[in-house]
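Have a look at the structure below, then the notes.
Please treat every number below as a calculation from the coordinates, not as lab data. Everything quoted here is computed from the prediction, not taken from an experiment. With ideal geometry, Cβ positions are generated from the backbone for all residues, glycine too; neighbour counts draw on all protein chains shown.
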Amino acid sequence: MPKTLPFSRNTNAARARRAKTMLLPMPRATADELALRVHLALATMRAGTAGVSDAQTLTQTMILTGFIAEAGYGAATYEQLIVAEAAISAAFDRGRDTGEWRLDEGAASLFAAIVTTYDEQLRRAPLWAIAEASDRLDRFQAGEAYQRTDRKLA
């Protein structure tokens, strides 16, 4: 009869494995799936065939990119994100008023840089940085005040 492998039932061992996993980048297939959604949202906003969900996706991506960059992964400046916020806000206003969800060429180029940074962050940043950014986004969407941090954790 084959012997079974003795796995530790110690919760400390499980906790240690989870902690090590959080130091690794996101699995490639998951990163690719998330990045594809964002690239498609940008393409539809650029083409003028988008909807409110595409604008929301780009807004969330912009915020996540900033949060992950604050943790030390990726090059996104606070000033760049302020300009992007104004551009996406204008797209929301235009979309609500006219039904046309579009980014002008300047805004699309700005978001192309943000999306490229986000794509790289998903592939290289440790899972803890992405999870922390996602948690911050959830709190922000729930109405908690945004507090910019100038610290770098990496």
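Using a simple charge model, +1 on the beta-carbon of Lys and Arg, -1 on the beta-carbon of Asp and Glu, nothing else, what dipole does segment 26-141 show about its Cα centre, in debye to the nearest 20? Don't skip to the end; give the middle numbers.
On the way: 10 positive and 16 negative charges, 41 e Å.
The calculation lands at about 200 debye.
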What distance in nm lies between label points placed 7 Å from Cα along the C-beta direction at R18 and R124? 2.9 nm
FRET efficiency, 1/(1 + (r/R0)^6) with R0 25 Å, evaluated for A29 and S89 via beta carbons: 0.15
Placing +1 on the Cβ of each Lys and Arg and -1 on the Cβ of each Asp and Glu in segment 26-141, which of M45, T59, L122 has its Cα farthest towards the positive end of the resulting dipole? L122
Pulled fully out, how much extra length does the chain show between Q141 and T98, if you take 0.36 nm times their separation in residues and subtract their Cα-Cα distance? 12.9 nm
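Going by the alpha-carbon gyration tensor, a ≥ b ≥ c the square roots of its eigenvalues, is segment 8-120 rounded (a/c under 1.5) or, if a/c is not under 1.5, prolate (a/b greater than b/c) versus oblate? Could you put the intermediate results ahead of the total?
Values: a/c = 2.93, a/b = 2.23, b/c = 1.31.
It comes out prolate by the Cα gyration axes.
Expected output is a single nm value to one decimal: the length gained when fully extending between A112 and A47, i.e. 0.36 nm times separation in residues minus the C-alpha distance. What is it?
Details: separation 65, 0.36 × 65 = 23.40 nm, distance 1.32 nm.
Full-extension gain reported as 22.1 nm.
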Determine ³J(HN,Hα), in whole Hz, for all residues of segment 122-132 in sequence, where each value follows from phi through the Karplus function 6.51 cos²θ - 1.76 cosθ + 1.60 and θ = phi - 60°; x replaces Gly and Pro. 4, 8, 10, 5, x, 4, 4, 5, 5, 5, 5
Mean separation of Cα contacts under 8 Å (at least 6 apart) over the residue count of segment 26-141, i.e. the relative contact order in percent, is 38 percent
Search the structure for amide H atoms under 5 Å from the amide H of L103, placed 1.01 Å from N in the peptide plane, and list their residues when 5 or more places away or on another chain. R46, G48
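Give the order of R136, R124 when sorted by the count of other beta carbons within 10 angstrom, beginning with the fewest.
On the way: R136 21, R124 14.
So the ranking, lowest neighbour count to highest, is R124, R136.
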Cα→Cβ-extended label distance, 7 Å offset, between Q56 and T11, nm: 3.7 nm
